[in-house]
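Peer 1: Encoded as structure tokens, here's the structure I'll be asking about.
Nothing in this text is a laboratory measurement; each read-out follows from the coordinates by a stated rule. Predicted model only: the values in this text are computed from it and were never measured. Neighbour counts run over all protein chains shown; Cβ positions are idealised from the backbone, glycine included.
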Amino acid sequence: MDLSNLKPAKGSVKKEKRIGRGQGSGKGGTSTRGNKGAKSRSGYTKKIGFEGGQMPLARRVPKFGFKNINQKKYNAVNLDTLQNLIDKYNLEVIDMDILCKYGIVSKNDLVKILGRGEIKSPVEVKVHAFSNTAKIAIETAGGKVIKI
């Protein structure tokens, strides 16, 4: 036994079914496609969503809503996250560079500070937007709020 006389196991390799090669082959005439109709023709592809003539789901279900192309997507950062940063790294100013540096947001994100949690240290926060509760909480702690 060597590489020159290796063969696949008997019965594991089958011959390709050659259709459309004459009546004598048993697969001639309609070439296993049945009789007539679009499916028997060459180049047939059914349309996406075609349900055999039944009204397709995409047309049965009513349309609603719209996509606002002017919408601004803000990444939310809460006060408790800011307080953790202040405690951990002893910060006095929090801006986009610091939030990016510590992996809270990406550099091209829009950031909004939200009011969950509390802030104890006076800190200057420079980001794109603030909720009212966050703004009040930062200012009562002796901090500053600056919109970019």
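Peer 1: Test of understanding: ordering V13, V93, V125 by Cβ neighbours within 10 Å, fewest first, what list do you get? Before the final figure, lay out the partial values.
Peer 2: Working: V13 8, V93 13, V125 24.
The order, fewest Cβ neighbours first, is V13, V93, V125.
Peer 1: N132 to S25: extension gain in nm, 0.36 nm per residue of separation minus the Cα-Cα distance? Let's see the in-between values first.
Peer 2: On the way: separation 107, 0.36 × 107 = 38.52 nm, distance 8.12 nm.
Net length gain for the segment: 30.4 nm.
Peer 1: Next question. Under the Karplus relation 6.51 cos²θ - 1.76 cosθ + 1.60, θ = phi - 60°, what is the ordered set of whole-Hz ³J(HN,Hα) values for the range 120-130, x standing for Gly and Pro?
Peer 2: Those phi angles translate into 9, 8, x, 9, 9, 10, 10, 9, 6, 8, 9 Hz.
Peer 1: Of M96, M55, M1, how do they rank once you tally other Cβ atoms within 10 Å and put the fewest first?
Peer 2: On the way: M96 19, M55 8, M1 5.
So the residues, fewest neighbours to most, are M1, M55, M96.
Peer 1: Choose one answer from T133, T81, T30: the residue with the largest mean-square fluctuation in a GNM of the chain with alpha-carbon springs under 10 Å.
Peer 2: Top of the fluctuation ranking is T30.
Peer 1: Can I ask one more? Working out 0.36 nm times the residue gap between E118 and R60, then minus their Cα-Cα distance, what length gain in nm do you get to one decimal? Intermediate values should be presented prior to the final figure.
Peer 2: Numbers: separation 58, 0.36 × 58 = 20.88 nm, distance 5.02 nm.
Computed gain between E118 and R60 is 15.9 nm.
Peer 1: Take the Cβ-Cβ distance between A141 and N70 as r, set R0 to 30 Å, and report the resulting FRET efficiency rounded to the nearest 0.05. Spell out each step's value before the answer.
Peer 2: On the way: r = 34 Å, r/R0 = 1.14.
Rounded to the nearest 0.05, the efficiency is 0.30.
Peer 1: Here is a further query. Using a 10 Å cut-off around each Cβ, can you sort D2, D109 from fewest to most neighbouring Cβ atoms?
Peer 2: Details: D2 5, D109 17.
By the 10 Å Cβ count, ascending, the order reads D2, D109.
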